Structure formats: C-alpha cells, structure tokens
Amino acid sequence: MEAKLTAVKENPLLDRREAQVTINHEEEATPSKEDVKSRVAAENNLNEEEITVETVYTGFGKNTSTATLKIFQEFEYSEE
C-alpha cells in the first residue's frame, strides 16, 4: 500500500491542514481508516494522534482509493 498526498489546504482559523491522499492498494482490500492514518504518519514523519481520517473512498473495481484527512500538526510538503 502506498499513500501520496495530492492536495493540502491550510486552515489557520482551526489550526489544521486538510489533506487529500491517493492510496494505491494493488490486490488488497480497501484500507481501513487506521491503516491510512498509520501509513500517512509513517511516510510524512507525523504523530498519529494528530491525524483524523474523515473518509476513505474506493470506486467500484479500482485499485486506488481517495482519503480525506485533517492534520493538526505543522509539516513540510511539496506542491507537486
């Protein structure tokens, strides 16, 4: 399973970042919210307690999912 941040939006009023993550899970089931949280935390050196996973969506028959997260910790990310 591979998770990649695709979009990050700053929300200074609530002191958090709202992120979209694309998850590639070839020949595996749709990952749980806990799996997504731990993978994103590990790949971006974040604290798991500072991440909330709102949704994990997989289209029918697809090997990729899209997740929406709220991250309450500052971190560096690239705009690519």
(request) Might you let me know whether the range 52-61 holds any residue that is buried (at least 17 other Cβ atoms within 10 Å of the Cβ) and free of Cβ contacts under 8 Å to residues at least 60 places away in the same chain? (result) yes
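From the list Glu80, Glu27, which one is on the phi > 0 side of the Ramachandran plot and either modelled with pLDDT under 90 or touching an Asp or Glu at 6+ places or on another chain (Cβ under 9 Å) (or both)? Steps first, answer last, please.
Details: Glu80 fails: on the phi > 0 side of the Ramachandran plot.
Selected residue: Glu27, the only one of Glu80, Glu27 that is on the phi > 0 side of the Ramachandran plot and either modelled with pLDDT under 90 or touching an Asp or Glu at 6+ places or on another chain (Cβ under 9 Å) (or both).
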(message) Condition first: open to solvent by 80 Å² or more (accessible area, probe 1.4 Å) and within 9 Å of the chain's Cα centre (by Cα). Now tell me which residues in the range 1-19 satisfy that.
(response) Lys4
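Matching residues to (1) small (Gly, Ala, Ser); (2) more than 13 Å from the chain's Cα centre (by Cα):
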{"residue": "Val21", "(1), (2)": "no, no"}
{"residue": "His25", "(1), (2)": "no, yes"}
{"residue": "Lys33", "(1), (2)": "no, no"}
{"residue": "Lys37", "(1), (2)": "no, no"}
{"residue": "Leu46", "(1), (2)": "no, no"}
{"residue": "Ile51", "(1), (2)": "no, no"}
{"residue": "Thr58", "(1), (2)": "no, yes"}
{"residue": "Gly61", "(1), (2)": "yes, yes"}
{"residue": "Glu74", "(1), (2)": "no, yes"}
(request) Could you list all residues from the range 1-59 that are assigned to a strand (DSSP E or B) and among the β-branched types (Val, Ile, Thr)? (result) Thr6, Val8, Val21, Thr22, Ile23, Ile51, Thr52, Val53, Thr55, Val56, Thr58
(message) I need every pair where a residue in the range 4-30 that is more than 12 Å from Thr68 (Cβ to Cβ) and in contact (Cβ under 8 Å) with a residue 40 or more places away in the chain has its Cβ under 8 Å from the Cβ of a residue that is in a loop (DSSP other than H, G, I, E, B) and open to solvent by 40 Å² or more (accessible area, probe 1.4 Å), sequence separation at least 6 or different chains.
(response) Asp15/Phe72; Arg16/Phe72; Asn24/Met1; Asn24/Asn63; His25/Met1; His25/Asn63
(request) Output the residues belonging to the range 60-80 that are among the charged types (D, E, K, R) and in a loop (DSSP other than H, G, I, E, B). (result) Lys62, Glu74, Glu76, Glu79, Glu80
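The values are calculated or read from the model by the stated rules, or taken from the named source; none is laboratory data. What you see is a predicted model, and the numbers here were worked out from it, not measured in a lab. Quick reminder, even Gly has a Cβ in these numbers, built from the backbone with ideal geometry, and neighbours come from all protein chains shown. Surface areas here come from the heavy atoms of the whole protein model, side chains and all, with no ligands, DNA or RNA. Shrake-Rupley method; radii C 1.70, N 1.55, O 1.52, S 1.80 Å.
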